[in-house]
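Everything on this sheet refers to the single structure shown next.
The values are calculated or read from the model by the stated rules, or taken from the named source; none is laboratory data. Here the structure is a predicted model, which is why all the values come from computation and not from measurement. Because the Cβ atoms are built from the backbone with ideal geometry, glycine has one as well, and the counts that use them run over all protein chains shown.
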């Protein structure tokens, strides 16, 4: 049995997966050995300035170096590392890549929004795909990906330049937001999401299963369940109703960042952008015609694992 690792460097979070590859008959399975996530907010301010912040670069490179060291200590034969929205949009991305290569010994590969969507679909379809059709919503820090289809390859996919961090920075709500800014977040989210409704024909909206991926959705699930400690086994596959998320959006929006940080299930570093992220999820469900979604604790890192190391 051999071991591999993947790293997803996102706008908000760096995620690591180390897994052992196993052959079961004619199938290839991966058993996770280590998963880590650290919020470094590489994309702070990128939407406004077009540049990666030097402190954000340092924080992200430090996390990346630790993650690569942990993967190598576990005997990972190869490490695939990709960078998404913030790195592909910033004009000074080369500074981050050079620092990462110097500190961690590998250079992250920038992937397009379209490729990001494809990898997320691969992960979600393996866990939740079926004959009834699938819609996948990946709410990241800097971008949101939407995919639809019935088979291993999505029939259509789209990447939008809006995520929990970008939306929060654009609307710049006070602390706490209050009703006026909550409505502003929802309106701004709806405008961006309106750019993908064409890939969901009216007669197919709400068809099959909606799967929500990434930290915004998993955090909302953890808060809704008031988990004292994050438990992937509880979150992955959990169901959230639109009515529950509507109420949670109002509840979170009535609290200050400091108050949100103290909620059971909340990642403290995500507390300032979770309301914006929730607005995207709520508006997506409304526009796409779903009254509930299934939560996935897996995403790009799992899709990347199967894509790069699943054959042979």
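I'm trying to understand the selection: among the residues of the stretch 140-185, which are in contact with a strand residue (DSSP E or B) (Cβ under 8 Å, 6 or more places away or on another chain), under 19 Å from residue 252 (Cβ atoms) and either outside the structural domain of residue 293 (by TED's automatic domain parsing) or outside any helix (DSSP H, G or I) (or both)?
Keep residues of the stretch 140-185 that are in contact with a strand residue (DSSP E or B) (Cβ under 8 Å, 6 or more places away or on another chain), which gives 141, 143-150, 154-160, 162-164.
Imposing the further condition that a residue be under 19 Å from residue 252 (Cβ atoms) reduces the set to 141, 144, 162-164.
Across the stretch 140-185, the qualifying residues are 141, 144, 162, 163.
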Residue 243 fails exactly one of (1) within 23 Å of residue 10 (Cβ to Cβ); (2) surrounded by fewer than 16 Cβ atoms within 10 Å (Cβ to Cβ); (3) touching a residue at least 40 places away in the same chain (Cβ under 8 Å), namely (1)
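Report yes if residue 250 is in contact (Cβ under 8 Å) with a residue 60 or more places away in the chain, in the same structural domain as residue 133 (by TED's automatic domain parsing) and within 18 Å of residue 276 (Cβ to Cβ), otherwise no.
On the way: in contact (Cβ under 8 Å) with a residue 60 or more places away in the chain: yes; in the same structural domain as residue 133 (by TED's automatic domain parsing): yes; within 18 Å of residue 276 (Cβ to Cβ): yes.
Considered against the rule, which asks whether it is in contact (Cβ under 8 Å) with a residue 60 or more places away in the chain, in the same structural domain as residue 133 (by TED's automatic domain parsing) and within 18 Å of residue 276 (Cβ to Cβ), residue 250 comes out as yes.
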For the stretch 89-135, give me each residue that is within 19 Å of residue 63 (Cα to Cα) and touching a strand residue (DSSP E or B) at 6+ places or on another chain (Cβ under 6 Å). 106, 108, 109, 110
I'm trying to understand the selection: among the residues of the stretch 73-96, which are touching a residue at least 60 places away in the same chain (Cβ under 8 Å) and over 21 Å from the mean Cα position of the chain (by Cα)? 74, 75, 76, 77, 78
Just one of 211, 196 is modelled with pLDDT under 90 and in contact with a strand residue (DSSP E or B) (Cβ under 6 Å, 6 or more places away or on another chain); which is it? 196
Here is a list: 183, 192. Which entry is without any contact (Cβ under 8 Å) to a residue 12 or more places away in the chain and surrounded by fewer than 23 Cβ atoms within 10 Å (Cβ to Cβ)? 183
